[in-house]
Amino acid sequence: MSSVATRLQPFGTTIFTEMTALAVKHNAVNLAQGFPDFDGPQLAKDAAKAAIDAGHSQYARMFGVPKLNAAIAGAFSRRMTTAIDPDAHVTVTSGCTEALPATFLGLINPGDEVILFEPFYDSYRACVALASATPRFVTLRPDASGRFGFDESELRAAFTTRTRAILINTPHNPTGKVFTRAELDLIASLCRHHNAIAITDEVYEHLTYEPTLPHISLASLPGMWERTVTLSSLGKSFSLTGWKIGWAIAPPHLTSGVRAAHQFLTFATATPLQHGAAAVLENPGPIVEEYKSLFRRNRDVLAAALTGLGFRTFPSDGTYFIMADHSAVSKRLGATDDRDLCQKLIERCGVAAIPPSVFYENREHGKAFVRFAYCKRAETIHQAVHRLNSLQ
Ligand SMILES: Cc1ncc(COP(=O)(O)O)c(C=O)c1O
């Protein structure tokens with residue numbers, strides 16, 4: 001019998017741990033978990049090493065090393081008409097992964113309702129459970145063009161008198177969707193009407209590929225700064241996922257909730273890494289544009305190969321990921337669902353992907369899909385394509 005507390009029993013081991021272990025066992029090319037297979041900027045590493053040498057080894061300030069708070073506020077200010085105060089509005093956390101439960105535990109009461117779009121990043125569902133809240137789901141589905149979207153009436157119906165928050169992840173993992181201005185306007189008007197707060201996960205904020213679909217922070221929309229907690233992190237944009245430097249930006253009345261929980265979750269985040277993060281955020285240079293060009297090319301190479309194999313790929317306008325419908329391929333391989341297909345891809349051709357049904361409350365909704373990560377060196381993508389072609 002499991003001794004895991006009942007609130008966490010439904011969630012088991014994350015799919016990333018499971019698929020990465022299987023990928024290692026079969027020496028597979030890992031297009032499962034979303035992390036680059038190349039190092040982050042030298043500038044960040046040098047600054048973190050210098051911080052260690054300079055003796056920055058004790059606890060940092062609870063809500064962040066001042067120069068990092070200032071760098072985060074400076075970058076976010078460029079999108080906002082409200083001035084962002086580094087000390088009053090920014091809280092540094094141990095990755096967005098910590099910012100999420102800090103926000104939920106600090107601002108959501110037991111019994112409150114929280115609206116999630118499905119498919120959802122798996123920690124959201126667990127955060128709702130940790131906060132003893134009730135989730136309501138709005139399903140993203142591909143339209144005729146293949147872009148994922150939601151039904152307006154479904155979203156309107158998800159708001160009730162108990163709604164405390166809606167969580168929006170844009171650019172969106174796993175679909176690669178970038179929420180449009182019109183979609184965000186609708187969400188904003190519903191938040192204002194129902195007096196709900198918005199929690200936005202913007203960890204892929206710099207990784208958008210279509211000029212017509214730029215990233216928009218919900219907090220920058222009229223009347224939204226006062227009711228939005230904007231979460232993001234360093235890892236995805238700067239290929240430093242293992243550093244776990246994240247942050248929450250919000251007005252003081254919401255920041256107080258985030259900090260009330262953060263102080264008891266981790267209290268503070270690794271000091272020397274905050275110095276390294278500040279250095280790269282102060283002076284990002286062209287590195288993110290370089291990563292973006294690589295990822296855009298990888299996306300196109302992978303999408304073409306998958307289409308050639310019989311997958312139906314959906315446009316990925318942002319993030320590290322491309323979703324595909326695997327029904328035709330699974331029929332050929334005798335795979336029964338997304339999990340079975342991923343198992344077969346690892347065993348038969350040595351390529352690991354993620355079965356996205358775990359990102360759906362109703363797993364049936366995600367069974368036909370598979371998610372591939374393209375945030376890798378070009379050689380890795382070519383090797384994966386070479387291996388996948390053995391399925392032909
Ligand atoms: C949508 C989303 N949010 C949050 C995270 C975690 O962010 P961090 O590495 O900063 O903890 C991830 C990582 O995969 C993600 O895809």
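Please treat every number below as a calculation from the coordinates, not as lab data. Only a predicted model underlies this, so the values are computations on that prediction, with no experimental measurement involved. Backbone-built Cβ (ideal geometry, glycine too); neighbour counts: all protein chains shown.
Any idea what the alpha-carbon Rg over 2.2 N^0.38 Å comes to for the stretch 91-133?
Details: Rg = 10.2 Å, N = 43, 2.2 N^0.38 = 9.2 Å.
Computed over Cα atoms of the stretch 91-133, the ratio equals 1.11.
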Given H placed on each backbone N at 1.01 Å, which residues far from THR228 in sequence or on other chains put an amide H within less than 5 Å of it? ALA198
Find the centroid of the Cα atoms in the stretch 37-88 and in the stretch 96-128, then give the distance between the two in whole Å. 25
I want to verify a result. In a Gaussian network model of the chain, Cα cutoff 10 Å, which of these has the top mean-square fluctuation: ALA60, ALA158, ALA144? ALA144
From DSSP H assignment alone, runs of 4+ in the chain each adding -39500 (n - 2.57), the sum over residues rounded to the nearest 500 puts [θ] at 222 nm at -12000 deg cm²/dmol
Count, lysine Cα pairs under 22 Å in the chain, 8 or more residues apart or across chains: 26
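Order the peptides 254-262, 206-214 from the highest to the lowest mean number of other Cβ atoms within 10 Å of their residues.
Details: 254-262: 20.9, 206-214: 15.3.
Top of the packing list down: 254-262, 206-214.
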Just the C-alpha atoms of the stretch 125-239: what Rg/Rh do they give, with Rh taken as the Kirkwood radius? 0.95
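Nearest 5 is fine: what % of DSSP beta bridges in the chain come out antiparallel, could you say?
On the way: 19 of 40 bridges.
Here the antiparallel bridges make up roughly 50 percent for the chain.
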Determine ³J(HN,Hα), in whole Hz, for all residues of the stretch 254-269 in sequence, where each value follows from phi through the Karplus function 6.51 cos²θ - 1.76 cosθ + 1.60 and θ = phi - 60°; x replaces Gly and Pro. 8, 4, 4, x, 4, 6, 4, 8, 4, 5, 9, 7, 10, 6, 8, 10
In vacuo Debye sum over C-alpha of the chain, base-10 log of normalised intensity I(q)/I(0) at q = 0.07 Å⁻¹, listed in q order, is -0.31
For the stretch 42-282, size of Cβ-based charge dipole, Lys and Arg +1, Asp and Glu -1, in debye: 220
Descending Cα extents along the principal axes, the stretch 299-386, whole Å: 34, 28, 18
Of all beta bridges DSSP finds with both residues in the stretch 71-182, what is the antiparallel percent, to the nearest 5? 15
By average Cβ neighbour count within 10 Å, what is the ranking of 68-74, 350-356, 263-269 from highest down? 350-356, 68-74, 263-269
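In nm², what is the average projected area of the convex hull enclosing the Cα atoms of the stretch 221-311? It would help to have the intermediate numbers written out before the result.
Values: hull surface 37.0 nm².
Hull-based average projected area comes out at 9.3 nm².
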If I build a Gaussian network model for the chain, linking alpha-carbon pairs within less than 10 angstrom, which residue out of VAL358, VAL24, VAL114 has the largest mean-square fluctuation? VAL24
Can you compute 3J(HN,Hα) from phi for each residue in the stretch 206-213, using the Karplus curve 6.51 cos²θ - 1.76 cosθ + 1.60 with θ = phi - 60°, rounded to whole Hz and x for Gly and Pro? 8, 9, 10, 10, 10, x, 7, 10
Listed residue (ALA268, ALA144, PRO174) projecting farthest to the positive dipole end of the stretch 138-288, Cβ model: ALA268
Per the charge dipole of the chain (beta-carbon charges, Lys/Arg positive, Asp/Glu negative, Cα centre), the residue among ILE322, HIS386, SER132 reaching farthest to the positive end is HIS386
Which whole-Hz couplings ³J(HN,Hα) result when phi for each residue of the stretch 7-14 is put into the Karplus expression 6.51 cos²θ - 1.76 cosθ + 1.60, θ = phi - 60°, listed in order with x for Gly and Pro? 5, 10, 4, x, 9, x, 8, 5
Tell me, how many Å apart are the Cα centres for the stretch 276-354 and for the stretch 196-272? 24
Given the options ARG78, ARG125, ARG296, state which has the largest fluctuation in a GNM of the chain using a 10 Å cut-off (strictly under) for Cα springs. ARG78
